[in-house]
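Okay, so here's the structure we're looking at.
The values are calculated or read from the model by the stated rules, or taken from the named source; none is laboratory data. Just so it is clear, the model here is predicted, and its values are computed rather than measured. Heads up, the Cβs are rebuilt from the backbone with ideal geometry, glycines too, and the neighbour counts pull from every protein chain shown.
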Amino acid sequence: MRADGAVSDQDIYLFHEGTHYSAYRFLGAHITEENGEKGVRFTVWAPNALHVGLAADMNHWNGSNHSLYKVPESGLWSRFFVGVTEGTFYKYDITSPNGERFLKADPCAVRAELRPATASVVAELNGYTWSDAAWRRKKRNPYSKPVNIYEIHLGTWRQKADGSFYTYREIADLLVPYIQEMGYTHIEIMPLSEHPYDLSWGYQLTGYFALTSRYGSPHDFMYFVDQCHQAGVGVILDWVPAHFAKDAHGLRLFDGSPLFEYADPLTAEKPGWGTLTFDFGKPEVRSFLISNALFWMDVYHIDGLRVDAVTSMLRLDFEKEEGSFCRNAKGGIENEEAISFLQQLNETVFNDYPYAMMMAEESSAWPGVTRMTSEGGLGFNYKWNMGWMNDTLKYMETDFHERPRRHNLLTFPICYAYSENFTLPLSHDEVVHGKKSLLDKMPGTYEQKFAGLRLLLGYQITSPGKKLLFMGGEFGQFIEWKDQEALDWFLLDYESHRKLHSYTVALNHLYLREKALWELDHAWEGYQWISADDQEQSVISFIRKGKKKGDALLILINFQPVERVNYRIGVERPGGYAEIFNSDREEFGGGGSVHTDTLRTVKIPWHGQPQSLELTLPPLSMVILKKAPVRRKTAEPQSAAKSRRRKPL
């Protein structure tokens, strides 16, 4: 923006080139001073509009006499209004090419009215004093570090006694100590951009730059992120560039023509969701979306984005039958414009924030999601492993007597575990719409359900890849996520849930301590099967390795409610092995069958190894062993040795 507040030629050029990565700095409503007078400059992209006016309380929501000026050959409209102040509610009064008039919220507004009201709000983002400089300076390469994410929906994690929401500030003071106690490294927050309908969970947006007003102000959220960072907790935000809501005040037909969406309805429509797809080939849309991604990092210090619905972006035939979608110019189903956009997005983010986490929710077998763009990949650094999630939950829901014939659901995911940089998600999508909670998915008796969930969480923590768990899973929410009510925290008054909660705490802190569980997450050298084919007993055993040989862990999981006595496994290194974790401990709700003594190897070849050891696997249990350090004789202090050699007087 020029010194006088008008839009600069450089802004115009970069915006239309698709490379303006801070477009929010000139688009939207900006409190400023021009020619010695205070007011607000409004700038909006509406190239096909015949007229754009500012509609607000001051003119009874009629912008006829408060026109913005059309910036020549730019498609932008802009004007400085004297006397407009922070807190002003406004919309744009737009006249379409066919003469129709309607009101639209500002696509780049940084605040919006509390739903169901739909106006934009003039807001100041400056003025918050951050205290997270140490966190921001720290270089955190996630690949060889522990990443254990707690996914949260802010409106239903906890609620006040009357059912109302906590503010961002209030929930920070509750959530941050809880995350520290639990041992999570990051939180991932479901979308916080403004959205009209609570039950969309924030995935159908109308205000991409407007932090939702449901939980307070922009400065309140800055406090939230600041408190997380000061506590050593990273913040990932769920971000939705795939599609947007059709609500009348939103982006749909913004200037009376398809502006943000594709002009061809076969490409634009997402019929399964009732939303519209962004036109990823339009440079201005790229500037808008990439600026929005960086906005959350620049302004709110967000550490990364979980990019929603990537598959729906990549495939022109996503959830569409033949004849209801358009193929690309080569006759294929790939949306080449979306592919190019995602590559540009990731290149730009990592250029500015090399240690950001860009995590794709991609549900197909699309190759190269986490491959570098220079090698033809999409350029993300993480992908949700939906295959692992689907196979694992399918197995865990299987009745015990059927598990031997479905053993491949446990072993097959390792075949592709290193094809991408994966995160293993047990997310909100798996505990809604009649799918049952994680606890209720488990077969068997009441006690067996808890043992099964302990196994599921243990299997996730010990498998290669970063981790994500949706709120409530840590203490065994018994019914699926209600999406309008708070979690059932009263369950912690019951022993089984309280012990499961203690188990999750212990498991998470074990994960933080043991380098073998994350140091070589993305390298084949970090994993080795001991036995993958004991389907008859439904037992798997494997080794997780760190960079140092002494960090290796032997992990055995018994997926049947049957004790396995004298269970033998082959081991590479002879000597003693100590049990460092057992899900059957009484304090976790188990039967208390643990190994207190060091287990010793014998020279009996087994599983292709020269020696082996025996142990007892409790029913539905996970046991973790680690090589016990060799005890060496301690050399006597020199003074003591001399004193013994001295002859008595």
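Being more than 17 Å from Leu305 (Cβ to Cβ), more than 22 Å from the chain's Cα centre (by Cα) and surrounded by fewer than 20 Cβ atoms within 10 Å (Cβ to Cβ) is a condition met by no residue of the stretch 222-242. Condition test on Glu86, is it more than 21 Å from Phe260 (Cα to Cα) and surrounded by 14 or more Cβ atoms within 10 Å (Cβ to Cβ)? Taking the combined requirement at face value, the residue does not satisfy it. Scanning the stretch 462-506 for residues that are of a type in the set (Ser, Thr, Tyr) and under 23 Å from Leu556 (Cβ atoms), we see that the one that is surrounded by the fewest Cβ atoms within 10 Å (Cβ to Cβ) is Ser502.
Filter the stretch 485-511 down to the residues that are assigned to a loop (DSSP other than H, G, I, E, B) and either at positive phi or in contact with a helix residue (DSSP H, G or I) (Cβ under 7 Å, 6 or more places away or on another chain) (or both) and list them by number. Glu485, Ala486, Leu487, listed by residue number. Leu456 - would you say it is in contact with a Lys or Arg (Cβ under 8 Å, 6 or more places away or on another chain) and either of a type in the set (Phe, Trp, Tyr) or in the same structural domain as Met396 (by TED's automatic domain parsing) (or both)? Spelling it out, it is not the case that Leu456 is in contact with a Lys or Arg (Cβ under 8 Å, 6 or more places away or on another chain) and either of a type in the set (Phe, Trp, Tyr) or in the same structural domain as Met396 (by TED's automatic domain parsing) (or both). Summed over the stretch 103-148, residues that are over 29 Å from Leu424 (Cα atoms) and in a loop (DSSP other than H, G, I, E, B) total 23.
Once the stretch 341-373 is narrowed to residues that are polar (S, T, N, Q) and touching a helix residue (DSSP H, G or I) at 6+ places or on another chain (Cβ under 9 Å), the residue that is surrounded by the most Cβ atoms within 10 Å (Cβ to Cβ) is Asn346.
The set of residues from the stretch 351-360 being in a helix (DSSP H, G or I) and under 17 Å from the mean Cα position of the chain (by Cα) is empty. Considering the stretch 512-534, the residues that are of a type in the set (D, E, K, R) and part of a strand (DSSP E or B) include one that is farthest from Tyr446 (Cα to Cα), namely Asp533.
For the stretch 557-582, filtered to residues that are basic (Lys, Arg) and at pLDDT 95 or above, the residue that is surrounded by the fewest Cβ atoms within 10 Å (Cβ to Cβ) is Arg568.
Only one entry of Pro142, Pro177, Pro191 meets the criterion of being farther than 17 Å from Asp488 by Cβ and not assigned by TED's automatic domain parsing to the domain that holds Pro425, and that entry is Pro142.
Return yes when Ser312 is crowded, with 18+ Cβ neighbours inside 10 Å, outside any loop (DSSP other than H, G, I, E, B) and either hydroxyl-bearing (Ser, Thr, Tyr) or not assigned by TED's automatic domain parsing to the domain that holds Lys383 (or both) and no when it is not. The answer is yes for Ser312. Consider Glu430 carefully, then state whether it is surrounded by fewer than 22 Cβ atoms within 10 Å (Cβ to Cβ) and either under 30 Å from Arg158 (Cβ atoms) or in contact with a Phe, Trp or Tyr (Cβ under 7 Å, 6 or more places away or on another chain) (or both). For Glu430, the condition - surrounded by fewer than 22 Cβ atoms within 10 Å (Cβ to Cβ) and either under 30 Å from Arg158 (Cβ atoms) or in contact with a Phe, Trp or Tyr (Cβ under 7 Å, 6 or more places away or on another chain) (or both) - is met.
Give the residues of the stretch 440-460 that are outside any loop (DSSP other than H, G, I, E, B) and either free of Cβ contacts under 8 Å to residues at least 60 places away in the same chain or of a type in the set (D, E, K, R) (or both), sorted by residue number. Hits for the stretch 440-460 are Asp440, Lys441, Tyr446, Glu447, Lys449, Leu453, Arg454, Leu457.
Total residues in the stretch 116-160 satisfying the condition of being of a type in the set (A, V, I, L, M, F, W, C), over 30 Å from Thr32 (Cα atoms) and either within 20 Å of the chain's Cα centre (by Cα) or modelled with pLDDT of 95 or more (or both): the figure is 6. Is there any pair linking a residue in the stretch 564-584 that is in the same structural domain as Ile543 (by TED's automatic domain parsing) and free of Cβ contacts under 8 Å to residues at least 12 places away in the same chain to one that is surrounded by fewer than 21 Cβ atoms within 10 Å (Cβ to Cβ) and part of a loop (DSSP other than H, G, I, E, B), with Cβ under 9 Å and at least six apart or on different chains, and which? As it stands, the answer is none, since no pair meets every condition given. For residues that are under 16 Å from Glu430 (Cβ atoms) and among the hydrophobic types (A, V, I, L, M, F, W, C), scanning just the stretch 440-454, find the one that is surrounded by the fewest Cβ atoms within 10 Å (Cβ to Cβ). Of everything passing the filter in the stretch 440-454, Met442 is surrounded by the fewest Cβ atoms within 10 Å (Cβ to Cβ).
The set of residues in the stretch 572-597 that are within 24 Å of Gly550 (Cβ to Cβ) and outside any loop (DSSP other than H, G, I, E, B) comprises Gly576, Tyr577, Ala578, Glu579, Ile580, Phe581, Asn582. For the stretch 403-434, residues that are among the polar types (S, T, N, Q) and part of a strand (DSSP E or B) total 1. Looking only at the stretch 194-204, residues that are in contact with a helix residue (DSSP H, G or I) (Cβ under 8 Å, 6 or more places away or on another chain) and either assigned to a helix (DSSP H, G or I) or not assigned by TED's automatic domain parsing to the domain that holds Arg513 (or both) come to 1 in all. Annotation note: of Val71, Val82, Val147, the sole residue that is in contact with a Ser or Thr (Cβ under 7 Å, 6 or more places away or on another chain), more than 30 Å from Phe380 (Cα to Cα) and of a type in the set (Val, Ile, Thr) is Val71.
Scanning the stretch 544-563 for residues that are closer than 21 Å to Pro619 by Cα and in a strand (DSSP E or B) yields Leu553, Leu554, Ile555, Leu556, Ile557, Asn558. Residue count for the stretch 307-337, restricted to those that are of a type in the set (A, V, I, L, M) and farther than 19 Å from Thr370 by Cβ: 3.
Given the residues Thr392, Thr398, Thr348, which is the only one that is over 29 Å from His20 (Cβ atoms) and in a helix (DSSP H, G or I)? Thr392 is the lone residue from the list that is over 29 Å from His20 (Cβ atoms) and in a helix (DSSP H, G or I).
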